[in-house]
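What follows is a set of notes on a single structure, which appears directly below.
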Amino acid sequence: MTGKIIVICLIVCVLAMSGCRSSMDDNTDKQDDDVIYTYEMSDSDSTNTSEDDIIQTYEKSDKDGRVRTYYELSDGRWKTENWYYKDRVILSGRTHNAISGVTLICLSNIDDITFSSLAESFLSSNYEKHYSVEEVILVEIIY
């Protein structure tokens, strides 16, 4: 729970620094969302992985904008230390009144995630609009 709070605070700070308002309308992003699905998950039922299953490790790096370490697996899935995800999604956009856009890279088990819905999830005071860590997790922020 503490990790989720830290990630939410980090996103709020990032979006605030990019010039967004503290409250968002339903029309947060007038631009088309750019979504890139890198791999589809295989039919593997296994949720365990060995070191041999990891293709690439993306280490947490402030310089590169990575907010946590995550891994690409040989079966097409992605994982963090505790969770598995079927997609690595790149979302680009700009929140209402922001000076410039931002790219958010997340690992997701949601098929129809958009920049607008992810930004709203982090900024909304309505808990029902928040994604759970099992659904989506932010791994990189690129300005």
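Read-outs: derived from the displayed coordinates by stated rules, not from any lab. Just so you know, these numbers come straight off a predicted model, no measurement behind them. As a convention, Cβ positions derive from the backbone with ideal geometry for all residues, glycine included, and neighbour counts pool all protein chains shown.
For I99 and I142, the difference between the fully extended length at 0.36 nm per residue and the C-alpha to C-alpha distance is 14.0 nm. Treating r as the C-beta distance of S74 and H130 and R0 as 30 Å, the FRET efficiency rounds to 0.40.
Please list the three semi-axes, largest first and in whole Å, of the ellipsoid equivalent to region 70-143, using sqrt of 5 times the eigenvalues of its alpha carbon gyration tensor.
Here the semi-axes work out to 22, 15, 9 Å.
Taking the three principal axes of the alpha carbon atoms in region 91-133, the coordinate ranges are 29, 22, 14 Å, sorted in descending order. In loop segments of region 50-103 as defined by DSSP, the trypsin sites (Lys or Arg not before Pro) with at most 15 further C-beta atoms inside 10 Å of their C-beta are K60, K63. Given +1 at the Cβ of Lys and Arg, -1 at the Cβ of Asp and Glu and no other charges, the dipole of region 78-143 around its Cα centre is 200 debye to the nearest 20.
At a 10 Å Cβ-Cβ cut-off, how would you order I99, I110, I54, fewest neighbours first?
Fewest-to-most Cβ neighbours within 10 Å comes out as I99, I54, I110.
Legend: ranking of residues Y143, Y70 from fewest to most surrounding C-beta atoms inside 10 Å; resulting order Y143, Y70. The modelled label-to-label distance for the pair E59/I90, using points 7 Å beyond Cα in the direction of Cβ, is 2.3 nm.
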